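Asks: Attaching a single structure in structure tokens format; questions to follow.
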Amino acid sequence: IARHNWREDFTNQKQFPRKYLRDDEAGLLNCTWPEGGKPETPLLYSEEVWTGIEYEAAGLLLFEGMTDAALKILKAVRSRQDGRIRSPWNEVECGDHYIRPMSSWALLEAASGFAYDAQKCSIQFQPRIAPERFSSFFIATDGWGTYTQRITRKRFTARLSVSSGTVRLRELRLAVPHKDSIKVKKGRSSLSFTASLVAGRLHIRFTNLIEIERNEFLRVSID
């Protein structure tokens, strides 16, 4: 999709039945026929550009580790919607304030590698963008907050802070390929846990269920 549907500009590209991009703008076509065989009457809207589809494709690229291709698409979308000729908060497709661009929420999970299992009280982070200095919003069943991690040559640190509600945690999974010299604290209190490596990812399982309340935080350090 990224290879065949991407256009750096639309000077010689037909946009039909509706034209959402100027000729000098970049974007991702909904549908192309790179090996030929285009029907005489193709799918309706196949030759349009929708931000809702661009966000979806960029999210998939991030999940597949194709970060540069994803960022190229996202840069084009946000440059078109930067307030000069289009609203940053209203991405018109079929109509005003159309719902399809809400697919952009997938980018949050794709970029942060966030996964949440409410039944198991398990949270995972695997940043795919700037993992050495990463920060992201996250939301659980009964609370939300921010996750931050820093990586240097000698140390890995992560902090899960709760801004509202309560986050219950039994297991924390992080993109760290070793399980030595781990310290985990809730505030100033050290926590009891076991650590294992599963598919190159660190799984920290706490002896007791942890409840992190508003304005509290969990901190992981690995030397």
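The values are calculated or read from the model by the stated rules, or taken from the named source; none is laboratory data. Given the structure is predicted, the values throughout are model-derived calculations rather than measurements. With ideal geometry, Cβ positions are generated from the backbone for all residues, glycine too; neighbour counts draw on all protein chains shown. Remember, those area values only see protein heavy atoms, side chains included, never the ligands or the DNA or RNA. Shrake-Rupley method; radii C 1.70, N 1.55, O 1.52, S 1.80 Å.
Asks: Six or more apart or on different chains, Cβ under 6 Å: which pairs go from a residue in the stretch 5-19 that's of a type in the set (Phe, Trp, Tyr) to one that's open to solvent by 60 Å² or more (accessible area, probe 1.4 Å)? Could you list them?
Replies: Phe10/Asp23
Asks: While we're here: Identify the residue in the stretch 152-170 that is over 15 Å from Phe134 (Cβ atoms), out of contact with any Cys (no Cβ under 7 Å at 6 or more places or on another chain) and at pLDDT 95 or above and, among all such residues, is surrounded by the most Cβ atoms within 10 Å (Cβ to Cβ).
Replies: It comes out as Val167.
Asks: Residues in the stretch 78-95 that are more than 20 Å from the chain's Cα centre (by Cα) and closer than 17 Å to Tyr45 by Cα: how many?
Replies: Selection size over the stretch 78-95: 4.
Asks: Of (1) at pLDDT below 95; (2) part of a loop (DSSP other than H, G, I, E, B), Trp105 satisfies all except one. Which?
Replies: Condition not satisfied by Trp105: (2).
Asks: Ok, one more. Please note which strands (runs of 3 or more DSSP E) are completely contained in the stretch 136-215 and include at least 3 residues that are in contact (Cβ under 8 Å) with a residue 12 or more places away in the chain, touching a Leu at 6+ places or on another chain (Cβ under 8 Å) and of a type outside the set (Val, Ile, Thr).
Replies: 143-151, 156-174, 201-213
Asks: Out of all the residues in the stretch 45-91, which are charged (D, E, K, R), without any contact (Cβ under 8 Å) to a residue 12 or more places away in the chain and not in a helix (DSSP H, G or I)?
Replies: Glu64, Asp82, Arg84, Arg86
Asks: Yes or no: Ile222 under 20 Å from Gly113 (Cβ atoms) and either among the basic types (Lys, Arg) or touching a strand residue (DSSP E or B) at 6+ places or on another chain (Cβ under 9 Å) (or both)?
Replies: It is true that Ile222 is under 20 Å from Gly113 (Cβ atoms) and either among the basic types (Lys, Arg) or touching a strand residue (DSSP E or B) at 6+ places or on another chain (Cβ under 9 Å) (or both).
Asks: Restricting to the stretch 27-56, give me the number of residues that are farther than 15 Å from Glu91 by Cβ and open to solvent by 20 Å² or more (accessible area, probe 1.4 Å).
Replies: 16
Asks: Can you name every residue in the stretch 104-120 that is of a type in the set (S, T, N, Q) and either over 11 Å from the mean Cα position of the chain (by Cα) or open to solvent by 30 Å² or more (accessible area, probe 1.4 Å) (or both)?
Replies: Across the stretch 104-120, the qualifying residues are Ser104, Gln119.
Asks: Can Arg173 be described as at pLDDT below 95 and under 27 Å from Gly65 (Cβ atoms)?
Replies: The answer is no for Arg173.
Asks: Cys94 fails exactly one of the following numbered conditions: (1) in a helix (DSSP H, G or I); (2) open to solvent by 20 Å² or more (accessible area, probe 1.4 Å); (3) of a type outside the set (S, T, N, Q). What is the number of that condition?
Replies: Cys94 satisfies all of (1) in a helix (DSSP H, G or I); (2) open to solvent by 20 Å² or more (accessible area, probe 1.4 Å); (3) of a type outside the set (S, T, N, Q) except (1).
Asks: A further question on this structure: Filter the stretch 57-82 down to the residues that are closer than 21 Å to Glu93 by Cα and of a type in the set (D, E, K, R) and list them by number.
Replies: Residues satisfying the conditions are Lys72, Lys75, Arg78, Arg80, Asp82.
Asks: Just to verify a result, which residue in the stretch 121-135, among those that are part of a strand (DSSP E or B) and not β-branched (Val, Ile, Thr), is most open to solvent (accessible area, probe 1.4 Å)?
Replies: Looking at the filtered set, the residue picked out is Arg133.
Asks: While we're looking at this one, here's another question. What about Ile139, is it closer than 30 Å to Ile73 by Cα and open to solvent by less than 70 Å² (accessible area, probe 1.4 Å)?
Replies: Criteria not met by Ile139.
Asks: Could you tell me how many of the residues in the stretch 187-208 are out of contact with any Asp or Glu (no Cβ under 6 Å at 6 or more places or on another chain), open to solvent by 80 Å² or more (accessible area, probe 1.4 Å) and modelled with pLDDT of 95 or more?
Replies: Here the count works out to 3.
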